[in-house]
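Any read-out appearing in this document is the output of simple, stated calculations on the displayed coordinates, not a laboratory observation. Model, not experiment: these values are computed from the prediction. Reconstructed Cβ throughout: ideal geometry from the backbone, glycine too, with neighbour counts over all protein chains shown.
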C-alpha cells in the first residue's frame, strides 16, 4: 500500500512538472519579482524534497544496510576473480 | 585583473586540499579510488551534489535562460530535483550494498559479476568511456571561458583551459577520491554561500529585481522570457528523461560506493532537491533578467556566446574583489569535471588493467600509478578537444553525454531489480545506445542546415534543428533511445539464459524463513 501511494505521488509530481496550463503567464509576481512559472517550479522542487522525505520514512530499504555490513564476499577484488 | 588574482588564489587552495588528502591517504587502490568507502553523510551529500554541479549548471543554464527564458529551470532543474534523488534512493543504495558486500569499485565490475559477463563488460566500459569524454571536455572548456571573461580577455581561452586542466589534474592525481570529495564539498559550500551574495549584489545593481522584471514585462520582445512561452512542451517532456543519466554516469555510480554507511544516503536523498533549488533558481532567473540588461545583451551580441552572461553580470554589477570571489565560485562548478576524470581512471585501472591481470602481475602500487598516469592522459586529451571545439557548452553535454547515459539507465535498473536480466540483454541495450548516439552524431554532421530530414505524409518525423536533431514535434532523441534501450534489455534477456542460480542467490538472496515455520520431520 505504501509503495502504491509513493508511486502515485511520483507520477503526480512528474505530471505537475509539465505545467503547460501557465505557458503564457508571467504574473502574478511572487515576492514582487518572481514570475509565476518560476515560483511554481520552485514550489515543485520543494514538494519533491517532501516526497523524498516520505520515501525515506516509509520505504527505506533497511535490509540493504544489513547486507552492506555483512562480511565481504569479494569475488571481484581487482577484477581477476570475475568470469572471463 | 584583481578578479583573476582572487581566482588563482582559489585554485591554489583547491590544489592544497588535494595534496593534503594525499598525505592522509594509505596508498592502496581502495583508498585512492574510493577513499576507503569512508565518506560520512555531510561530505557525501556535498560532494555528490558538487559532482553534478558542472559548468552546465552555472554557465550553460544562465546562457540558455538568456536566450529561452525561465523555462530552462523546468527543463533541467525541477526535473532533476525529482528524478536524480529518486534514482539514488532506488538504485544508488543497492549499488552501495552490493559494492560493499562484493568489493566492486566500478559499475562495470558490478555488471560483470551480476551478469557473469566478461567481454560484454568490456564493451560497456568502452561505451561509458566514449560517452564520458564530452562531459570532461565541457569542464575544461568552461574553465577557459570563465578565466577569459573574468580577466577581461587578458587570459586567452586556451591558456585558462590549460590552467584549469592542470589544477584538476593535480589534485585528482595526488588526492584521488578523498581529494576529489573534499574539493567538491569545499566548492559546493563556497558556491552556496557566495552565490547568495551574488544574487543580492546583482539585484541591487539592476536597481532591484522588481523594477528589472517590470522593465522586461513592458518590452514585448523580452516579456516572453519571463514565461514558459518559448518552451516547446514536447522538449519539456523529453527533458524528464535526461536526469536518468545521473545514476548511469560512472562517476555517480562510483560515488555511491564511497559512503561509509547507508544512512549517508538519507540526507542526500532529502536535501538534494533543495540544493538544486538554491543553485539553479538564481542562475536561471539572473540569466533571463540579463537579456534586459543593455550591457550584457551588447556584450553577448559582440562575442556571440551567451554562456558568459553570468560572468558579464558579475563584472557589471559587483565590486571587483567580490566578482573575483564569485568568479571562483563559478570556477568551482566548472571544475566538477574532476570526478569524471577520476572515474575514467578508476574504470581503466579496474575494468581493463586489473581485469586482464595487471594487478596480480605488477602489484597494487603499479595499479595506482597506472590510474594516476591515466589521469594525466585523459586531462590532456580533454584539454586539446576543449580548446578546439566551438559548440555551446549546453549543447555538447546534452547531445552526447546526457542522452547516451540516460539511455544506459535501463541497464542499471535491470541489474539491480530484474532477476531475469542477462548479459545479452545488457549487451543489446548497450548496442542500441551506441548505435543511437552514433546515428544522432551522423545526422548532425550530414545535415548542417536546419530543416526536415524525413517526413511521412507531410508530417515531419525527423528534423535538424539549429542545436541538434529532433523527432516529431520536437521530441528529443533521448526519449526513443531510452525506450528502445529498455526494450532491447527486456527482449535480449528473455531470449537468453539467465545467470547461474549461484550468482542469482548472491544478488537476490531468498528470504530467511523463521524457525517456527519449519516443519520437524
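Worth pointing out:
- Region B:147-194 and region B:319-355 have Cα centres separated by 7 Å.
- Gain on full stretching of the segment that runs from residue B:388 to residue B:465 - 0.36 nm per residue minus C-alpha separation: 25.4 nm
- Across region B:1-152, C-alpha contacts under 8 Å between residues 6 or more apart give a mean separation that, scaled by the residue count, equals a relative contact order of 32 percent.
- Helix B:294-303 vs. chain B, principal-axis angle (Cα, 0 to 90°, nearest 10): 60
- Global size of chain B: 23.3, 88 Å for Rg and Dmax (C-alpha atoms, Rg to one decimal, Dmax whole).
- Taking region B:50-65 and a reference point 7 angstrom along Cα→Cβ of residue B:189, the backbone N atoms nearer than 16 Å belong to B:50-51.
- Each Cα pair under 8 Å and six or more residues apart adds its sequence gap; the mean of these over the residue count of chain B is a relative contact order of 29 percent.
- Treating each Cα of region B:44-112 as an identical point scatterer and summing with the Debye formula, the log10 of I(q)/I(0) at q = 0.11, 0.23 Å⁻¹ comes to -0.40, -1.02.
- Spin-label pair residue A:21-residue A:46: with each label point 7 Å from Cα along the Cα-Cβ axis, the two points sit 2.0 nm from one another.
- Angle in degrees between helix B:478-494 and the longest Cα principal axis of chain B, rounded to the nearest 10: 0
- Other protein chain C-beta atoms within 10 Å of residue C-beta, averaged over B:225-238: 4.
- Ordering B:315, B:457, B:141 from the fewest to the most neighbouring beta carbons within 10 Å gives B:457, B:315, B:141.
- FRET E, pair residue A:2, residue B:267, Förster distance 35 Å, beta-carbon r, rounded to 0.05: 0.95
- Dividing the Cα radius of gyration of the protein assembly as shown by 2.2 N^0.38 Å, with N the residue count, gives 0.95.
- Note: relative contact order over region B:410-495, using C-alpha pairs below 8 Å and six or more positions apart, is 41 percent.
- Residue B:42-residue B:16 FRET efficiency (beta carbon distance; Förster radius 25 Å; 0.05 resolution): 0.75
- Residues B:154, B:409, sorted so that the one with the fewest Cβ neighbours within 10 Å comes first: B:154, B:409
- Each of A:24, B:338 has some number of other Cβ atoms within 10 Å of its Cβ, and from fewest to most they run A:24, B:338.
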